[in-house]
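Colleague: I have a structure I would like to understand better, so I am pasting it below and will then ask my questions one at a time.
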Amino acid sequence: MHSKYKFNYVLHGDRHQPLILLLHGFMGDCRDFARAIPHLKGFCCLTVDLPGHGQTKNGDNIDDQMPQVAQALIDLLVELQITRCIVVGYSMGGRIALYLAVYFPQYFYGAVLESASPGLASESERDRRRRQDEQLAQQLESGDLKDFIQRWYANPLFASFVQHPDAFQAIARRLDNDPKHLAKSLRNLGLGTQPSLWDSLSAIQIPLLLIVGELDRKFVKLNRAIADACTQAELKVVLNSGHNVHFEQPIKFSQLLTGFSSRLPSIANTD
């Protein structure tokens, strides 16, 4: 049992259909894939609130980092009697999905990484990022969440997302989070803390689909490097989209996911 986390989760669709585990990004929750799920016909979708987000609180242990969160997600799958599924992760959730693909491949038919990173390669980069994340965590603990959210989405990374007509509602949902829990999540699951997975890419045993938006040039370049390092990976660049592809282009995102699943022989051979 994953006693440390009482995951808040929602199952969408028929449990007899192939299952997709959907992992949101920082400040998101289990509602984040709502625009894409209606287009994922023929699947059962499991959405969760990751620790420190939505209604899932952080564990009691201050050192709960990616290995502990990944194990807790595996425990949740076991509890729900899900023997294998496809894992899909966006941004922070994509980094967790990659960790699951590396260390728990037997639980997954394949992994879809949307705007994700294998982490920072050098210790100096991680040190710098830890300091940046610590500053942000302190802002969350001492400031106003609404102001923090406005500053966060002023990042050029989210330029096309914030211009979307439905972005206001999506951003407003971030206010449902507890800033102290978000701060802990930044410290525990940030890029500075997560172990680098670059050296593990060449050994990945399950198919990977890498999805990035064409306007997100930083992650297009980053994911080309992932695809070069991992023979199991295929890269898809989505037109007219930035960092948040599943929100900005939900139909195209769902089509890519459906097409990827149809090419997984282990799914095609299940009843």
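The values are calculated or read from the model by the stated rules, or taken from the named source; none is laboratory data. Since this is a predicted model, take the numbers as computed values, not measurements. Because the Cβ atoms are built from the backbone with ideal geometry, glycine has one as well, and the counts that use them run over all protein chains shown. Only protein heavy atoms, including side chains, enter the accessible area calculation; ligands, DNA and RNA are left aside. Shrake-Rupley method; radii C 1.70, N 1.55, O 1.52, S 1.80 Å.
Colleague: Using the heavy atoms of the protein chains alone and a 1.4 angstrom probe, what is the accessible area of the chain per residue in square angstrom?
Modeller: 45 Å²
Colleague: Still on this structure, please answer the following. Normalised by the residues of the chain, what does the relative contact order come to in percent, with Cα pairs under 8 Å and at least six apart?
Modeller: The normalised contact order for the chain reaches 22 percent.
Colleague: For the chain, what does the helix formula give at 222 nm: sum of -39500 (n - 2.57) over DSSP H segments with n ≥ 4, over the residue count, nearest 500 deg cm²/dmol?
Modeller: -12000 deg cm²/dmol
Colleague: Mind checking which aspartates and glutamates have their Cα closer than 12 Å to the Cα of K180? Skip sequence neighbours fewer than 8 apart in that chain.
Modeller: E141, D144
Colleague: Explain nothing, just the number: dipole magnitude of segment 105-187 about its Cα centre with +1 on each Lys and Arg Cβ and -1 on each Asp and Glu Cβ, in debye rounded to the nearest 20.
Modeller: 120 debye
Colleague: Here's another thing I want to ask about it. Of G94, C45, S262, which is farthest towards the positive pole of the chain's charge dipole, taken about the Cα centre with +1 and -1 on the beta-carbons of Lys, Arg and Asp, Glu respectively?
Modeller: Farthest towards the positive pole: S262.
Colleague: So, one more: Would you mind working out the magnitude of the charge dipole of the chain relative to its Cα centre, with +1 at each Lys and Arg C-beta and -1 at each Asp and Glu C-beta, to the nearest 20 Debye?
Modeller: Its charge dipole is roughly 320 debye.
Colleague: Rounded, prolate or oblate: which one fits the chain, using the alpha carbon gyration tensor with axes a ≥ b ≥ c (rounded when a/c is under 1.5, else prolate when a/b beats b/c, else oblate)?
Modeller: Rounded, since a/c falls under 1.5.
Colleague: Moving on to the next point. Along the positive direction of the dipole of segment 85-148 (beta-carbon charges: Lys, Arg +1; Asp, Glu -1; about the Cα centre), which of L120, Y107, L145 reaches farthest?
Modeller: Value computed over the given set: Y107.
Colleague: Compute the Cα gyration tensor for segment 187-237, then decide on rounded, prolate or oblate, letting a ≥ b ≥ c be the square roots of its eigenvalues: rounded whenever a/c is under 1.5, prolate when a/b is larger than b/c in the other cases, and oblate in all that remain.
Modeller: Oblate, because a/c is 1.5 or more while a/b does not exceed b/c.
Colleague: Highest GNM mean-square fluctuation, the chain, Cα pairs closer than 10 Å: which of E125, E114, E248?
Modeller: Largest GNM mean-square fluctuation: E125.
Colleague: As a quick test, which of the pairs K6/K184; K221/K252; K6/K221 have an alpha carbon distance above 26 angstrom in this structure?
Modeller: Violating the 26 Å Cα-Cα cut-off are K6/K221.
Colleague: Another question, then. Using only the Cα atoms of segment 1-129, construct the convex hull and provide its projected area averaged over every direction, in square nanometres to one decimal.
Modeller: 8.0 nm²
Colleague: Moving to a separate point now. Among S160, S185, H24, flag the residue with its Cα farthest along the positive direction of the charge dipole of the chain, charges on Cβ as +1 for Lys/Arg and -1 for Asp/Glu.
Modeller: Farthest towards the positive pole: S160.
Colleague: Moving on. Carbon and sulfur together cover what percent of the accessible area of the chain at a 1.4 Å probe radius?
Modeller: 50 percent
Colleague: Kindly identify segment 138-271 as rounded, prolate or oblate by the Cα gyration tensor criterion: order the square roots of the eigenvalues as a ≥ b ≥ c, call it rounded if a/c is under 1.5, otherwise compare a/b with b/c, prolate if a/b is larger, else oblate.
Modeller: Note, shape of segment 138-271 comes out prolate.
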